[in-house]
Amino acid sequence: MIYPIKTVPVFKQYIWGGNTLETKFGKNIPDGFAAESWEISCHSDGLCTVANGEHKGKTLREVVFSNPAQMLGKDNADEFPLLVKLLDAKDKLSVQVHPDNEFAAKHENGELGKTEMWYVVDAKPGAVLVYGLKEGANEKMLEEAINNGTLEELLNYVPVKKGDSFFIPAGTIHAICDGLLIAEIQQSSNTTYRVYDYNRIDKDGNKRPLHTQKAVQATKYDFSHSCSDAGKTEMIDGGTMKILAQCEYFSVIKYDVETEIEIQKPTSKFEMLVCTEGKAVIKYDDGEEIITGGDSFFIPAAMKNYRICGLAEILRSFE
Ligand code: ZN
């Protein structure tokens with residue numbers, strides 16, 4: 001049976017989290033507090049399970065790898081390449097950088113590197129985030145600034161509003177600041193080098209470790225790319241679409257569904273949907289599934305074209 005697989009997320013309670021995932025999306029977060037919701041994940045640090053249909057209760061990993069041809073469009077696969085998260089930053093996240101595949105393979109036991117993109121689902125007025133270093137910064141300056149506690153002077157802050165998107169190639173120093181609700185599509189990796197954590201302590205009184213040496217080496221001192229390569233909003237039948245990101249690891253398209261849109265889908269690739277606003281119905285050959293704000297679905301490779309009907313904002317991503 002091939003059908004849109006709704007996932008049960010895994011919550012992470014980091015110190016910077018809040019309760020927006022519950023207040024906005026009605027998610028049942030533990031103790032009313034969560035920083036991250038791993039929406040579509042086969043990563044061993046947070047395995048999603050299936051919420052619907054014949055695979056209900058199994059892990060997504062089990063379902064995907066028991067039939068990689070139908071699920072992933074690959075005859076054999078031992079790796080699920082992508083990860084989708086929702087992040088509720090009540091407080092700011094640590095300043096960090098992720099390695100690329102080459103660096104991670106060498107220094108992190110074959111983990112993947114991490115290129116990611118952010119879609120700003122909501123932002124408080126005046127919200128900012130950290131995107132890269134100020135132009136001209138180099139390895140020596142970064143290392144000194146980390147060691148001297150003056151890193152904030154080197155950071156490139158950019159203003160953020162609802163609807164913005166950011167593309168963060170591996171090697172870009174970045175931080176989500178307070179008052180942001182973000183959908184994140186990324187390579188399936190949990191390798192993060194933290195360079196500054198605002199001297200915070202957790203509930204047990206401990207500071208989180210910094211990874212200065214690896215961070216300085218994994219950072220790319222290249223100022224040629226802009227924060228986002230999102231395209232223009234295009235009219236389509238039943239709504240609008242906008243390409244938010246397109247890179248060698250993933251593509252992300254945002255749809256504003258106003259009535260009914262058709263997704264032309266090759267049967268060689270899986271897709272992932274996350275609804276960031278509203279409510280809609282996914283109509284496919286053998287039935288339909290309801291998707292509302294905060295819901296995520298894994299669409300198996302073998303599923304054919306489908307339609308999304310309703311009034312909703314949906315992010316669709318694929319390899
Ligand atoms: Zn990151």
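The values are calculated or read from the model by the stated rules, or taken from the named source; none is laboratory data. This one's a predicted model, so the numbers in the text were calculated from it and none came from an experiment. So basically every Cβ, Gly included, is an ideal-geometry build from the backbone, and we count neighbours across all protein chains shown. Just so you know, the surface numbers come from the protein's heavy atoms only, side chains and all, with ligands and any DNA or RNA stripped out. Shrake-Rupley method; radii C 1.70, N 1.55, O 1.52, S 1.80 Å.
What to note about this one:
- Note on GLN264 and LYS232: with the Förster distance fixed at 22 Å, the Cβ-Cβ geometry gives a FRET efficiency of about 0.65.
- Sequence-distant contacts, meaning Cα pairs under 8 Å at least 6 residues apart, place the relative contact order of region 5-218 at 24 percent.
- Positive-end residue, the chain charge dipole about Cα centroid, Cβ charges, pick of VAL195, PRO99, PHE298: VAL195
- Model label zone, LYS242; criterion: amide N under 20 Å from point 7 Å along Cα-to-beta-carbon; scope region 115-146: 116-131
- For LYS85, LYS161, LYS283, the ranking by accessible surface with the largest value first comes to LYS161, LYS283, LYS85, using a 1.4 Å probe.
- For the chain, the orientation-averaged shadow of the C-alpha convex hull comes to 16.1 nm² (one quarter of the hull surface).
- Neighbours of GLY113 by Cβ distance under 11 Å: Lys/Arg scored +1, Asp/Glu scored -1, total -3.
- Gyration tensor (alpha-carbon) shape descriptor, region 232-307, a/c threshold 1.5: rounded
- Förster radius 51 Å - calculated FRET efficiency between GLU22 and THR150 (Cβ-Cβ, nearest 0.05): 0.85
- Overall, the ratio between the Cα radius of gyration of region 88-164 and 2.2 N^0.38 Å, rounded to two decimals, is 1.31.
- At 1.567 mPa s and 4 °C, Stokes diffusion of region 118-259 via Kirkwood alpha-carbon radius, µm² per second: 76
- Accessible surface of region 5-218, 1.4 Å probe, proportion on carbon and sulfur as whole %: 46
- For the chain, a Gaussian network of Cα nodes joined below 10 Å ranks CYS247, CYS48, CYS177 by mean-square fluctuation, and the top entry is CYS247.
- Inter-site label distance for LYS124 and GLU79 at 7 Å from Cα along Cβ, in nm: 3.9
- Solvent-accessible heavy-atom area per residue, rounded to whole Å², over the chain at 1.4 Å: 43
- ARG307 - accessible surface, heavy atoms, 1.4 Å probe, Å² rounded to 10: 90
- Candidates per trypsin sites (Lys or Arg not before Pro) in region 108-145, loop by DSSP, up to 12 other Cβ within 10 Å: LYS134
- Crossing angle, helix 139-148 versus the chain [Cα axis fit, 0-90 degrees, rounded to tens]: 70
- Once the chain from ARG307 to ILE201 is taken as fully extended at 0.36 nm per residue, the excess over their C-alpha distance is 33.4 nm.
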